[in-house]
Amino acid sequence: MPYACQGVYNPGATMFQGETLLLLRVEDLVGKSHLTVARSQDGRVDWRIETEPLLSPEHGAGPYEEFGCEDPRITYLEDLKKWVIAYTAYSPFGPGIALATTEDFRSVERFGLVLSPNNKDAAIFPRKIKDRYWMLHRPSAGDIQHIWLNQSTDLIHWGRPWCVIMERGGPMWDGVKVGASTIPIETPEGWLILYHGVKQFAAGPTYRVGAALLDLEDPRRLISRIDHWVLGPHEHYEMTGAVPNVVFPCGHTVEGDEIHLYYGAADTSVCLAHGRISLILDELRNHRV
């Protein structure tokens, strides 16, 4: 990083002007988070990182981002010719869902809170379905934390909530809580959803990644959900850090059949994993609900 920070993790990702662009969650030495742009020709090395954040609690954020801007997901919307950034706005009121749009990743138009606390892990679908925008999110009702869908005609007013993926409870790897990871991926078989799930061990929680498939024209319908996790903490940098035993994706890019998955490790660093969409879909066929 070009400036001092406590950690950098949980980046959103997209392709912009032929390059991989990450929107990094950077935790400063005070403890608040802001979002900073990084660019790379190949998405692996030689990152060019901005010295000033794109979104921060200091730059016109208002009271609902007083404690920071966290965990962005980036969606390009062809009908608007803009990227929409869904992120967690954190304040004394708790975490809520905020949106902003940009055309150049140099400046943003803030929409402010669109879903009130306590709510996190918002990801907007990359196209309209039935003339509406759709968003995954994870409201918290005490210890109950499932993945829900909301709809909107204007990106500001969201309603018609629908629970689509539930935490499984008990000893399951995703038994304590679940939340959307990256934005949905459109495939011929449905919307591929990557999500994080948590299991509570005696030593603390472990965050892993799972996969599910939603219907293309009615994303409220869950088609399949793999019963085991597909990515979990294994390397030392995933098992040790500010929050041990965490892999937490917020962004991906897709090149043909290959997905490049950018994720936070132990709330300390940014990592990259690769996978084949076709192999994930093959496994999902064996786990119809």
> closer than 29 Å to GLN151 by Cα, out of contact with any Leu (no Cβ under 6 Å at 6 or more places or on another chain), at pLDDT 95 or above and in a loop (DSSP other than H, G, I, E, B) - does that describe any residue in the stretch 265-287?
Replying inline: yes
> Can you name the residue in the stretch 94-127 that is among the basic types (Lys, Arg) and surrounded by fewer than 16 Cβ atoms within 10 Å (Cβ to Cβ) and is also farthest from the chain's Cα centre (by Cα) among such residues?
Replying inline: ARG106
>> Please return the ranges of strands (runs of 3 or more DSSP E) entirely within the stretch 1-113 where 1 or more residues are modelled with pLDDT of 95 or more, under 25 Å from ALA273 (Cα atoms) and out of contact with any His (no Cβ under 7 Å at 6 or more places or on another chain).
In response: 7-16, 19-27, 33-40, 68-77, 82-91
>> Can you pull out every residue in the stretch 240-255 that is over 16 Å from PRO205 (Cβ atoms) and either in contact with a helix residue (DSSP H, G or I) (Cβ under 9 Å, 6 or more places away or on another chain) or among the aliphatic types (A, V, I, L, M) (or both)?
In response: VAL254
> Quick one: how many residues across the stretch 144-183 are in contact with a Ser or Thr (Cβ under 9 Å, 6 or more places away or on another chain), touching a residue at least 40 places away in the same chain (Cβ under 8 Å) and under 26 Å from GLY112 (Cβ atoms)?
Replying inline: 3
> From the residues in the stretch 69-93 that are of a type in the set (S, T, N, Q) and under 18 Å from the mean Cα position of the chain (by Cα), which one is farthest from VAL37 (Cα to Cα)?
Replying inline: THR88
> Is it true that ARG25 is buried (at least 21 other Cβ atoms within 10 Å of the Cβ) and either in contact (Cβ under 8 Å) with a residue 12 or more places away in the chain or touching an Asp or Glu at 6+ places or on another chain (Cβ under 6 Å) (or both)?
Replying inline: yes
> In the list ILE183, ILE156, which residue meets the criterion of being surrounded by fewer than 19 Cβ atoms within 10 Å (Cβ to Cβ), closer than 17 Å to LEU77 by Cα and of a type outside the set (Asp, Glu)?
Replying inline: ILE156
> Considering GLY175, GLY112, GLY179, which residue is in contact with a helix residue (DSSP H, G or I) (Cβ under 9 Å, 6 or more places away or on another chain) and not hydroxyl-bearing (Ser, Thr, Tyr)?
Replying inline: GLY112
>> Quick check on this structure: which one of GLY241, GLY256, GLY251 is of a type outside the set (A, V, I, L, M), surrounded by 19 or more Cβ atoms within 10 Å (Cβ to Cβ) and more than 19 Å from the chain's Cα centre (by Cα)?
In response: GLY241
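The values are calculated or read from the model by the stated rules, or taken from the named source; none is laboratory data. Model, not experiment: these values are computed from the prediction. Backbone-built Cβ (ideal geometry, glycine too); neighbour counts: all protein chains shown.
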